[in-house]
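Read the structure below first, then the notes.
The values are calculated or read from the model by the stated rules, or taken from the named source; none is laboratory data. The shown structure was predicted, so the numbers you read here are calculated from the model rather than taken from an experiment. Positions of Cβ are backbone-derived with ideal geometry, glycine not excepted, and every protein chain shown enters the neighbour counts. Ligands, DNA and RNA are stripped out before the accessible areas are found, and what is left, the full protein with its side chains, is counted by its heavy atoms. Shrake-Rupley method; radii C 1.70, N 1.55, O 1.52, S 1.80 Å.
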Amino acid sequence: MNIGIIGAGKMGYTLGKHFSLSHNPDINLVGYYSKNINSAIDAAEFTDSEFFDNIESIVQQSDIIFLTVPDGEIKGVVDIIENVSSASKEKIICHTSGALSSKEIKDNISNVYLFSVHPIYAVNSKYESYIKFKDAFITIEGDVEYIQTIKDIFVSLGHNVKVISANDKVKYHSAAVFSSNLVIGLYHMAEELLKQCGFDEDEVELALKPLFINNANKINETDCASALTGPVERCDICTISKHMSVLDDYYLDVYRLLSRELVKIATNKNPNKNYDSVDKVLKL
């Protein structure tokens, strides 16, 4: 399979480098096209592939085209590829959006096969994210024809892969946001609370990072229930009430909502323990 990538951002670099380092003889990265020709040149050098100065050329040389462009540009690029009618027959297009399904841009597209391929992975560096990209869980949805082909490519690269429904795409992506982006928001809230207590930047880092990393490692090694500690798990209403008395505005709202989720986890973990009183306090 000759693979071309349109879009030379962090995902484009990472995916291309991942393909270029593959020992699979059936995977050949032909190169990049980008609106910014310098980005395409740099990405091509990084992945030992070619750069293209027009979409038509990269489409002609590719069996599969990965679109690593912003969500708002995907439909327009698909339309351009489709309009290159002599080149786009039987072409497979894969976009890497988390929340956008193939079905949303499939209308009136007749001569290409369309898929969304999304890695559950934080791609935050053009030049380094590829290093551990092989650990990413990959989800795929799209046309029934060739979906096994796309799945086989990523399985051959060592990924765990799941085919999902287009109807579940947005909910699936929200799950990824909960476990990644929103965790960052929670961590930042913890930093702000410590700063209100007189901690400087260095002290905040020294205080929170070991707690965060040890807890994340525990979840990684076991599960959420095994990692759970703290006042909710202990049914410590006094401490919970004290926390709620010093939190303002949305900090209190977040504390309540997430603590009620912890009640569900704690109840399953300790079925002989009654958490009704904790839940009642959190609803006040």
How many of the residues in segment 121-162 are touching a helix residue (DSSP H, G or I) at 6+ places or on another chain (Cβ under 6 Å) and farther than 13 Å from LEU15 by Cα?
4
How many of the residues making up segment 48-80 are over 25 Å from GLU141 (Cβ atoms) and open to solvent by 30 Å² or more (accessible area, probe 1.4 Å)?
9
Condition met for THR14 (of a type in the set (S, T, N, Q), in contact with a Phe, Trp or Tyr (Cβ under 6 Å, 6 or more places away or on another chain), within 19 Å of LYS132 (Cβ to Cβ) and crowded, with 18+ Cβ neighbours inside 10 Å)
yes
State whether the residues of segment 261-280 include one that is on the phi > 0 side of the Ramachandran plot and touching a Lys or Arg at 6+ places or on another chain (Cβ under 8 Å).
no
Take segment 183-204 and flag every residue that is closer than 17 Å to LEU258 by Cα and β-branched (Val, Ile, Thr).
VAL183, ILE184
Of the candidates ALA175, ALA227, ALA207, the one satisfying the condition of being under 18 Å from GLU261 (Cβ atoms), in contact (Cβ under 8 Å) with a residue 12 or more places away in the chain and of a type in the set (Gly, Ala, Ser) is ALA227
Please enumerate the residues belonging to segment 219-238 that are in a helix (DSSP H, G or I) and open to solvent by 70 Å² or more (accessible area, probe 1.4 Å).
ILE219, ASN220, GLU221, CYS224, ARG234, CYS238
Of GLU205, GLU201, which residue is of a type in the set (D, E, K, R) and surrounded by 12 or more Cβ atoms within 10 Å (Cβ to Cβ)?
GLU205
Determine, yes or no, whether SER241 is under 22 Å from LEU194 (Cβ atoms), hydroxyl-bearing (Ser, Thr, Tyr), in a helix (DSSP H, G or I) and open to solvent by 40 Å² or more (accessible area, probe 1.4 Å).
yes
Can you tell me which residue within segment 136-146, out of those that are at pLDDT 95 or above and not polar (S, T, N, Q), is most open to solvent (accessible area, probe 1.4 Å)?
PHE137
ASN83 being more than 21 Å from LEU157 (Cβ to Cβ) and surrounded by fewer than 17 Cβ atoms within 10 Å (Cβ to Cβ):
yes
Test THR68 against the stated conditions and say whether it is hydroxyl-bearing (Ser, Thr, Tyr) and closer than 16 Å to LEU157 by Cβ.
no
Checking the condition modelled with pLDDT under 90 and surrounded by fewer than 19 Cβ atoms within 10 Å (Cβ to Cβ), which residue from LYS162, LYS106, LYS151, LYS132 passes?
LYS106
Sole residue being under 30 Å from SER97 (Cα atoms), touching a residue at least 24 places away in the same chain (Cβ under 8 Å) and not small (Gly, Ala, Ser), chosen from LEU262, LEU282, LEU186, LEU182
LEU186
Between VAL123, VAL144, which is among the β-branched types (Val, Ile, Thr), more than 20 Å from ASN28 (Cβ to Cβ), assigned to a loop (DSSP other than H, G, I, E, B) and free of Cβ contacts under 8 Å to residues at least 12 places away in the same chain?
VAL144
